[in-house]
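Report on one structure; see the data block that follows.
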Amino acid sequence: MPKEKAASAIAAMKVTKVDERSNDVLRKRELRTEGARITIPPCVNPQRRERCLADPELLLKTYFARDFKRPFGKLHTKLIESIWEIAQYGGKKALAAPRGRGKTTIVKGCIAAVVLAGFCRFPVPVGPTTSHAQELYEDFRRKINYNDLLFEDFPEICAPVRALEGAPQRAGKQHIDGILTKIQWTAEGLRIADVPEKYRGPIDYGGVRMEYRGLDAAIRGINGSGFC
């Protein structure tokens, strides 16, 4: 074979190998992209969701029935009404009650309730210690991740979280129809996913954030954290 033809054949083989590598890279990239795609199912019961968002006690009894098996007493109703009112209109209020009356359980439920109602886009649970505040925060995360009834009626919040399958490092590539959700879901803080309008209900939860602090830690400057 003449040297010119041999050189041409070798060059063609090199080009073919380069093309094969490029195509392989593209195929793997497409597979990763497809693997990061998520879907948002429709709300199962919009009427139930609407009724509960208008009534905080009904919301707690419906979606968190395991936590609230007994009827609410006057203290519980007062506490729920106060948190609901402040979340909507702002203000400060201190309420005291004896130990063992379910105050913490009410507060945990109300943290989720005011977020679901769209009243608060950056709640920061504060406890006497950081570990106590973290308990409030982790309770919210468990509700969103594992509550099947919430998943049915608030899929735009719950579906992106479940799609992470416990691996927060997947958050950076998660997308819906090619649009990044920007979800963050770590032990330090969270950001609820952005969801296109056609896949969500009347409330846009995208960008809702949550962190937590104890009185034994600095609270000032929290707005400048990395969860935004």
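With a/c under 1.5 counting as rounded, go ahead and sort the stretch 34-193 into rounded, prolate or oblate using the C-alpha gyration tensor (a ≥ b ≥ c being the square roots of the eigenvalues; past the cut-off, prolate if a/b is larger than b/c, else oblate). Walk me through the intermediate numbers first.
Working: a/c = 2.13, a/b = 1.58, b/c = 1.35.
Taking the square roots of the gyration eigenvalues as a ≥ b ≥ c, the stretch 34-193 is prolate.
Could you tell me which of the pairs 69/143; 61/92; 108/182 are separated by over 19 angstrom between their Cα atoms in the structure shown?
Beyond 19 Å: 61/92; 108/182.
How far apart, in nm, are the 7 Å Cα→Cβ label points at residue 198 and residue 88?
3.4
When only DSSP loop residues count, what trypsin sites (Lys or Arg not before Pro) in the stretch 125-228 have their Cβ near at most 16 other Cβ atoms within 10 Å? Don't jump to the answer; show the numbers that get you there.
Numbers: sites: 141, 142, 143, 162, 170, 173, 182, 191, 198, 200, 209, 213, 220; in loops: 182, 200, 220.
Here the trypsin sites (Lys or Arg not before Pro) that fit, given the DSSP loop and packing criteria, are 220.
No value in this document is a laboratory result; all are computed from the given coordinates. Keep in mind that what you see is a predicted model, and the values were worked out from it rather than measured. Virtual Cβ from ideal backbone geometry, glycine too; neighbours counted across all protein chains shown.
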